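Reviewing the structure listed below.
The values are calculated or read from the model by the stated rules, or taken from the named source; none is laboratory data. What you are looking at is a predicted structure, and each value in this text was computed from that prediction instead of being measured. Ideal geometry is used to build each Cβ from the backbone, glycine not excepted, and the neighbour counts take in all protein chains shown.
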Amino acid sequence: MTRQAVDYHAIYEDDWRHSLAAGTEQRGNLQACLDFIETVDLIGKGDQALEVGCGIGSVTNHLTQRGFNVIGTDISQAAIEYGRRKYPDARLEAHAAESLPWPDESFDAVLSFDLFEHIPDPDRHLGEVRRLLRSGGLYLFQTPNKFANVIFETIAHKGLGWRLAHPSLHSPRQLRRRLVRNGFTVRFVKIDPVNEFMLNKLKKLGPFGKLARYIPWRRLPLCMQTNLFVVAKKTIETRLTTHD
């Protein structure tokens, strides 16, 4: 089945409904993402920010409670409706990441976490992000490192069934190239991923998963990081070439 033939909206809507019914609200490493935002400290209280793929809106709500002006959006109506009930102060809307309704140059910063790998057409998504960003605006995001994620998901799923949900995994080099040709400068930031969420996730690997807490993650080269945390800045000119 080709990517174009896959109804990703239906897949993610159904996935969120099942997750929420089972009591699972957070499907990514929330604490690591918040650590990244705090570490780079690049969003000002007066900035207009948009979080794409916000899920139920935990990051959006966290920033809202701290006084930031941020909107959260997700493809899943179920996730957005749940988030509106859980976080009444957060502004949450349902939209696809490749087609966003705001005018050009509406935001100083766009954020996304555990989103990029799920998008079948990442160039279209990056075009939307660039369109929405003001001059010099920032795209702050996290996505699994292809090198680490392929191994983990294959072991965890005992096969390659994970590929449908992760059509756009990137290595650091591939991600840098894609961002540059879509009109961004790129800086990677190393964040220690070890916390309760990660340790619970790594239980699928058995005894080997316990070793994660002893690894000096920030000292490891970029290619060995579990996730890629990116600061991408909108440049004046874009250099679009052929796709990877």
Q.
If I go through segment 1-21 residue by residue, how many of them are assigned to a loop (DSSP other than H, G, I, E, B) and either modelled with pLDDT of 95 or more or closer than 15 Å to CYS54 by Cα (or both)?
A. 0
**Q.** Criterion violated by ASP123 - all others in (1) touching a strand residue (DSSP E or B) at 6+ places or on another chain (Cβ under 8 Å); (2) in contact (Cβ under 8 Å) with a residue 60 or more places away in the chain satisfied
**A.** (1)
(Q) Looking at segment 12-36, I want the residues that are farther than 19 Å from ILE191 by Cα and have a partner that is among the aliphatic types (A, V, I, L, M) with Cβ atoms under 7 Å, at least 6 apart or on another chain. Which pairs are those? (A) TYR12/ILE75; GLU13/ALA78; TRP16/ALA78; TRP16/ALA79; ARG17/ALA78; LEU20/ALA78; GLU25/ILE56
Q | Scope segment 174-200; condition outside any loop (DSSP other than H, G, I, E, B), at pLDDT below 90 and crowded, with 17+ Cβ neighbours inside 10 Å; matching residues | A | MET198
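Find the residue count for segment 75-96, including only residues that are out of contact with any Gly (no Cβ under 6 Å at 6 or more places or on another chain) and closer than 10 Å to CYS54 by Cα.
Residues flagged as out of contact with any Gly (no Cβ under 6 Å at 6 or more places or on another chain) and closer than 10 Å to CYS54 by Cα within segment 75-96 amount to 5.
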**Q.** Search result, residues across segment 88-125 that are assigned to a helix (DSSP H, G or I) and either within 17 Å of ALA232 (Cα to Cα) or among the aliphatic types (A, V, I, L, M) (or both)
**A.** PHE116, GLU117, PRO122, ASP123, ARG124, HIS125
**Q.** Leading residue by the ranking (nearest to the chain's Cα centre (by Cα)) among those in segment 26-62 that are in a helix (DSSP H, G or I) and under 18 Å from ARG85 (Cβ atoms)
**A.** VAL59
**Q.** Meets criteria (surrounded by fewer than 18 Cβ atoms within 10 Å (Cβ to Cβ), at pLDDT 95 or above and not basic (Lys, Arg)) for GLN26
**A.** no
Q | Subset tally (residues that are under 19 Å from PRO172 (Cβ atoms) and assigned to a strand (DSSP E or B)) for segment 126-150 | A | 8
**Q.** Cβ-Cβ under 9 Å pairs, at least 6 apart or on other chains, segment 217-244 side in a loop (DSSP other than H, G, I, E, B) and of a type in the set (A, V, I, L, M), far side surrounded by 22 or more Cβ atoms within 10 Å (Cβ to Cβ) and at pLDDT 95 or above
**A.** LEU240/ASN182
